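Please read the structure below before turning to the comments.
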Amino acid sequence: MLLKGKVWKFGSDVDTDAIIPARYLNTSDPAELARHCMEDADPAFPSQVKPGDIIAAGKNFGCGSSREHAPVAIKAAGVSCVIAGTFARIFYRNAFNIGLPIFESFEAAEDIKEGDEVTVDAGSGTITNLTTGKTYQAAPVPPFMQQIITAGGLINRIRKGDTPSLY
Amino acid sequence: MPMTITEKILAAHAGKEKVTPGELISARVDLVLGNDITAPVAIQEFEKIGVDTVFDQERIALVPDHFVPNKDIKSAGQAKLVKDFAHKHNLSNYFEVGRMGIEHCLLPEQGLVGPGDLVIGADSHTCTYGALGAFSTGVGSTDLAAAMALGETWLKVPESTRFEFEGELKPWVGGKDLILHTIGDIGVDGALYRAMEFTGPIIENLSMDGRFTMCNMAIEAGGKNGIIAPDEITRAYVEGRCRRPYKFYRSDPDAKYARVYHYDASRIEPQVAFPHLPENSRPVSEAGHVEIDQAIIGSCTNGRIGDLREAAKALQGKKVHKNVRLIILPGTQDIYLQALKEGLIETFIEAGAAVSTPTCGPCLGGHMGILAAGERAVSTTNRNFVGRMGHPESEVYLANPAVAAASAVMGRIAGPWEVK
C-alpha cells in the first residue's frame with residue numbers, strides 16, 4: 001500500500017498530552033478526539049489536516065502516558081502514517097495494535113520539512129520525499145508486529161481461529 | 001547463563017529456562033490493571049474478541065482514579081462503564097470512590113502485587129511496582145483487553161541498564177530527587193525500551209515509599225520498567241499484606257547490562273524539573289526566583305504516607321503564602337486515615353492547605369487544581385509537559401514533597417531549609 005500526503009513537521013519528544021490533551025479524555029469517540037488532535041502543539045492542525053497527510057517528528061514521538069487515544073486521534077484525523085526518529089515504546093505498541101502505520105528513520109525525520117509531499121510504501125518501508133526526490137529506508141518491523149498489521153490490529157489477530165490466542 | 005532480575009521474571013512467566021534481550025515472548029500475567037480512562041476502551045475491545053468471561057476474576061484490577069469523583073457527565077459515563085463491567089464479570093478488585101485510591105499507591109498497599117510478579121496495566125506508571133521486585137509495565141487499552149481475555153501478553157525482553165547510587169543522602173533528599181537527577185542526566189529517552197535497575201547502598205537503605213517513587217518515574221526516561229531487587233525492607237512491606245505467594249529474584253553478579261551508571265548521592269541536592277520536560281532538572285539552590293500560584297502534593301509518584309510526613313515536616317507551624325493554593329491529595333483512603341491519625345491533616349489545614357480525597361485529578365489537568373494561562377505550579381507529580389496541568393500557557397515544576405511544601409509557604413520555588 002502506498003501512503004501519500006503533505007507533511008506536518010514536529011520536533012522531538014512530542015508527548016501524548018500534546019497529541020491529545022487529557023482534558024478531552026472524558027470520551028473515547030475517535031471523531032471527537034480527532035477534533036483536538038495536536039491542538040496544543042499546533043492550533044491549526046485539527047482544522048487544516050487533510051486525509052492522507054503525514055506527521056514527521058524527531059526522536060521519542062509519543063512519550064508520556066499510555067493513552068491509546070493518542071494514536072486513535074491521529075488516525076481519526078485522517079493522518080496516513082507517522083515518521084519519526086524513534087517512538088516511545090507504549091505509543092509504538094499502541095499504534096500497531098490499533099492499526100496506525102508508523103515508520104522509524106532518523107534521516108527521513110531530520111530531512112523532511114513541513115509541507116513536503118511524501119510517499120511511504122507501507123510494505124517495504126521505503127520513504128520518498130517527492131519535493132526533494134530523496135528516498136529513505138525505515139527500520140524493519142519485527143515479523144510478529146507485521147502479523148498484527150496484516151491481521152488488522154491485535155484484536156483481529158487474537159480472535160482468529162476457535163480459541164483466541166497470541167500465536 | 002547469567003540473567004538480570006528482569007530477565008529472570010520474564011523467563012519464569014514465559015515458561016522458559018532463559019530469555020535474552022530482544023527476544024519476543026508470550027508471558028503469563030499475574031495481574032492486569034485499568035482505570036476510568038483506559039478501561040472503557042479496553043472493555044469495548046474486549047467485547048470484540050468473542051470470549052464470554054475474563055481469564056481470572058481475581059486478577060483484574062479496575063480502579064477509577066483519574067476523573068473521579070466524577071468531574072462531569074461524560075466522565076461519569078466512563079466510570080459507570082467500568083463499574084458495570086466489573087459487576088457483570090464479578091471482578092473482586094474493583095475499587096469504588098470512598099474505598100479507592102490512586103492505582104499505583106493502592107495495588108501494592110492492598111497486597112495485589114508482590115515480588116516476582118509480572119503485571120501489565122493500561123497506565124504508563126504501572127512501572128511503579130518494580131519497587132517490589134516485580135516486572136511491571138504500562139501498555140495501551142487494546143493490550144489490556146487481550147490480557148483480560150487470555151491471561152497473557154506479548155513482550156520484547158528489554159536490555160537492562162543499571163543505576164548504582166553510592167555515598168550518603170543529603171538532608172531533604174529522597175527517591176524523587178534521585179530519579180529527577182537521573183532523568184536530568186540521561187534524558188527523557190535515555191532508557192528507551194530498556195529496564196532500569198536501581199542498585200547500590202543508597203537504594204538498599206531507601207524506604208519502600210522512596211523506591212516506589214523512583215520506579216514510578218522510569219517511564220519518564222523512556223524505560224520499559226524500573227526495578228529494585230527485593231530485600232528485608234521489601235519483606236517487611238509485603239509480609240502479611242501480599243495476597244498471593246511471592247518470590248524474590250536477584251540479578252546474577254555477572255549479568256549483562258547495556259550500560260552501568262554510577263552516581264554519588266552525596267552530591268545530589270533536592271531537585272526541581274523546569275518546564276516542559278522532566279529532564280530539565282537542576283538543584284533547588286539553582287532555581288532562581290520563580291514565583292508560584294499553586295503547589296500540588298500527591299499523585300502515584302508522591303502521594304504515600306512518607307511523602308505526607310515530609311510535607312508536614314516542612315509545613316509544621318507555617319502558613320501557606322497568600323498568593324498560593326496548596327492542594328494535598330493523599331494517595332489512598334488508608335494513607336488519608338493514617339495521615340489523620342498522625343495529625344498531618346491538621347498540620348496541613350492549619351497551614352491553609354486544601355486536602356482532597358484521592359484522585360489523579362490535577363496531575364493530568366483533569367480536575368481539582370487546573371492552572372490558568374500564565375500560572376505556575378510546583379508539583380510532586382511526574383510530568384511537566386506543555387498543558388499537563390491545565391492551560392497550554394501554564395507551567396509545572398516537578399519537585400519532592402518537602403520542596404513543594406516549602407515553596408507553598410515562600411510563594412516561590414524554595415528549599416525547606418529556607419522556611420524560617
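The values are calculated or read from the model by the stated rules, or taken from the named source; none is laboratory data. Note that the coordinates shown come from a computational prediction; the quantities given were computed from them, not determined experimentally. Glycine also receives a Cβ, built like all others from the backbone with ideal geometry; neighbour counts cover every protein chain displayed. In case anyone asks, the SASA skips ligands and DNA or RNA and just uses the protein heavy atoms, side chains included. Shrake-Rupley method; radii C 1.70, N 1.55, O 1.52, S 1.80 Å.
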- Candidates A:Ile74, A:Ile90, A:Ile20: whichever shows maximal mean-square fluctuation once chain A is modelled as a Gaussian network with Cα springs under 10 Å: A:Ile90
- Roughly speaking, to the nearest percent, how much of segment B:271-418's 1.4 Å accessible area is carbon and sulfur? 50
- Averaged over peptide A:87-96, how many Cβ atoms belonging to another chain are found within 10 Å of each residue's Cβ? 6
- Message: Between segment B:94-167 and segment A:63-89, how far is it from one alpha carbon centroid to the other, in angstrom?
- Response: 22
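Could you compute Rg(Cα) / (2.2 N^0.38 Å) for segment B:79-189, with N its residue count? Kindly include the intermediate steps, with their values, before the conclusion.
Values: Rg = 17.1 Å, N = 111, 2.2 N^0.38 = 13.2 Å.
Expressed relative to 2.2 N^0.38 Å, the Cα Rg reads 1.30.
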- Lysine pairs in segment B:252-367 8 or more apart or on different chains: how many have alpha carbons under 23 angstrom apart? 4
- Give a residue-ordered list of calculated ³J(HN,Hα) values for segment A:40-50 (Karplus: 6.51 cos²θ - 1.76 cosθ + 1.60, θ = phi - 60°; whole Hz; x for Gly, Pro). 6, 8, 8, x, 7, 4, x, 8, 10, 5, 10
- Task: Just tell me how shielded B:389-397 is by partners: mean number of partner chain Cβ atoms within 10 Å of each residue's Cβ, no decimals.
- Result: 2
- Among B:371-379, A:2-10, what's the highest-first ranking by average C-beta atoms within 10 angstrom per residue? B:371-379, A:2-10
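Nearest 500 deg cm²/dmol is fine: what mean residue ellipticity at 222 nm does chain B get from its DSSP H runs of n ≥ 4 alone, each adding -39,500 (n - 2.57), divided by its residue count?
-8500 deg cm²/dmol
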- Largest first and to the nearest Å, give the Cα extent of segment B:271-418 along each principal axis. 38, 31, 26
- Query: So, by mean Cβ neighbours within 10 angstrom, what's the order for B:17-25, B:188-196, B:169-177, B:342-350 with the highest one leading?
  - Reply: B:188-196, B:169-177, B:342-350, B:17-25
- For the cross-link pairs A:Lys59/B:Lys156; A:Lys59/B:Lys71; B:Lys48/B:Lys80, which exceed 24 Å when the distance is taken from alpha carbon to alpha carbon? A:Lys59/B:Lys71
- Message: Given chain B, report the % of alpha carbon pairs whose separation exceeds 37 Å.
- Response: 18
- Highest average packing first - A:52-63, B:76-87, Cβ atoms within 10 Å: A:52-63, B:76-87
- Peptide B:302-309, shielding by other chains (average Cβ, 10 Å cutoff): 0
